[in-house]
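Structure first, then comments.
Rule-based calculations on the coordinates, nothing more; no lab input. As the structure is a computational prediction, the values presented were derived from the model and not from experiment. Please note: Cβ atoms are built from the backbone with ideal geometry, for glycine as well, and neighbour counts cover all protein chains shown.
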Amino acid sequence: MTNKFDYIIVGQGLAGTSLAFHLHKLGKKVLIIDEEKDNTSSKIAAGLFNPVTGRKMVLTWKAHQLFDYLNQFYKNIEQKLSESFLFNTTIYRPFVSLEEQNEWMGKSADENHTPFIKQLHTIPAYSQHLNDDFGGLELKNCGYLDIPKFLKASRTYFTNKEAVLNEKFDPSGLEISDNVIYKNFNAKKIIFCTGIEEKSSTFFDWLPFSLVKGEVLEIIPKDNFNMIYNRGVFIMPRNNEKFLVGATYDTKDITYDKTEKGRNTLIDKLEIIFKPTYTIQGQRAGIRPATKDRKPFVGMHPELDKVGVFNGLGAKGVTLAPYFANQFADFLVNEKVIDVEANISRYYSLYFR
Ligand SMILES: Cc1cc2nc3c(=O)[nH]c(=O)nc-3n(C[C@H](O)[C@H](O)[C@H](O)COP(=O)(O)OP(=O)(O)OC[C@H]3O[C@@H](n4cnc5c(N)ncnc54)[C@H](O)[C@@H]3O)c2cc1C
C-alpha cells in the first residue's frame, strides 16, 4: 500500500463515501479510515429520499438542487460499480383534511412543485391499504437508496484501490505540520466524516450537534405493494416481501437500545393510516447526526487549515450527502465556495468563546 495521499477521510458512512467519490473524480488520491460497525446511522437508516416532508407537507430545503443532483450521483456510481442500489419509487401521501387537499390543488399548478408531483387524488386512491378519505398526493423524483448495499459496494471499490484502512482512527497517531501524518500515512488534509462520534471528538466537539435517536420496524404485511406510503409514518417495500416502517424521533434516549416505546409508537402510527394486517419481523435503532439548525456541517477547522469536517446530515443523509460532498470537494480542490447555510464558519464564534 502506498503511503502518500491527497486526503485522508475518516468515516465511510454516506458522508465519507460521497466525499471520497467526489475527490476521486477530481483526480485526488484518498485514504479512507473506517471502523466497520453494524449500527451506524447509515446502516440503520431506511434510505428514503422524499421531496415533501414533515407534518405540514412542505417542499424540503433546496429540493430542486438536491434531488436533481442525488439522482445523477447515485446512478453514476451504480454504473461505475455495476450494482443497483437507487430505487425510484412513488411516494403516496394521503391528505388529512379538505383544507390540505385544497392547498395542494393550488400548489400542484405551481412550477416550484410540479417536478415532484406525479398525480393529485381528490378522492380515495389506495383505500384497499390506507385511510385516505381526502385523497392524497403521489410524488415522483423520490424513492429510496439501499444504503448498506451502496456502502458495501463502495468499500470494495476503494479497497481494490488500496485506499481503505479498516480500523478505529486513533487521534494520538496524528501529527499536523506542513502535511497531515497519520501513523505512516501522509496527506495534504484530513476530513472527519464520523457521524455521531464527532460530538465527542478532538477537533469538532464544539459544533452544535443535536442527536436524534430513531427506531424502525421490519414487517411483512398481508398485501404486497410497490409504493411507499407516508403520513406520520412511512411504509416502504424492501426485498423479499419485507417492508420497513419508521421512524421514531427521540432526543432524550440517545442509546442504541431497541425499545418497547419505539415499537408501540410505530404500531400506533400504523394503526391510524394502514389497513392490512402484518407480522413484525425485526426492529432496529440508530442515532441521527442531526444539528441544532438542521443544516449540515461542512468546512474547515477555524484554526487548522488541514483539518475539515463533513457531518450533520440529520434525517436526510441520502439527499444531502451527494450535493454537499460535491460542494466540499470543489472547495477543497478548486477553492469554490461552500453554501453559507452549510459552512461551519457560521459557528466559529462557538469555538473562540
Ligand atoms: C432510524 C433512522 C432512520 C433514518 N432514515 C433515513 C432515511 O430514510 N433517509 C435518509 O436520508 N436518512 C435517514 N437517516 C439518517 C441517515 O442515516 C444519516 O443522515 C446518515 O447516515 C449520516 O451519515 P454519516 O456518514 O454522517 O454518519 P455514519 O453513517 O454514522 O457514518 C460514520 C462512519 O464513521 C465511522 N467512524 C466513526 N468514528 C470513527 C473512528 N474513530 N475511526 C474510524 N471510523 C469511525 C463509523 O464506523 C461510520 O462508518 C436515518 C437515521 C436513522 C437513525
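A few comments on the model shown:
- Ellipticity estimate at 222 nm from DSSP helix runs (n ≥ 4, -39,500 (n - 2.57)) divided over the chain, nearest 500: -8500 deg cm²/dmol
- Evaluated on the range 212-288, the Kirkwood hydrodynamic radius is 12.6 Å, with distances taken between all distinct Cα atoms.
- Projecting the Cα atoms of T114, Y157, N39 onto the charge dipole of the chain (Cβ charges, centred on the Cα centre) puts Y157 farthest toward the positive pole.
- Approximating the spin labels as points 7 Å out from Cα along Cα→Cβ, the E99-to-K152 distance works out to 4.7 nm.
- Theoretical FRET efficiency, 1/(1+(r/R0)^6), r = Cβ-Cβ of Q79 and K183, R0 45 Å, to 0.05: 0.85
- Oblate is the label for the range 90-141, because a/c, from the alpha-carbon gyration tensor with a ≥ b ≥ c as root eigenvalues, is 1.5 or above and a/b does not exceed b/c.
- Subset of K188/K292; K28/K161; K25/K80 violating a 20 Å alpha-carbon distance limit: K188/K292
- Values of log10 I(q)/I(0) for the chain across q = 0.11 Å⁻¹ run -0.75, by the Debye formula with one identical scatterer at each alpha carbon and no solvent.
- Comparing K25, K56, K258 in a Gaussian network model of the chain (Cα springs below 10 Å), the most mobile by mean-square fluctuation is K56.
- Take every DSSP beta bridge whose two residues both sit in the range 24-179; close to 90 percent of them are antiparallel.
- Sites Q281 and V58 - FRET efficiency at Förster radius 25 Å, r taken between beta-carbons, to 0.05: 0.15
- Rounded Å value of the spacing that divides the Cα centres of the range 170-227 and the range 90-142: 36
- FRET efficiency for the pair N88 and E162, taken as 1/(1 + (r/R0)^6) with r the Cβ-Cβ distance and R0 = 25 Å, rounds to 0.15.
- For the chain, the longest piece that avoids every one of the GluC sites (Glu not before Pro) found in DSSP loops with at most 15 other C-beta atoms within 10 Å covers 37-110.
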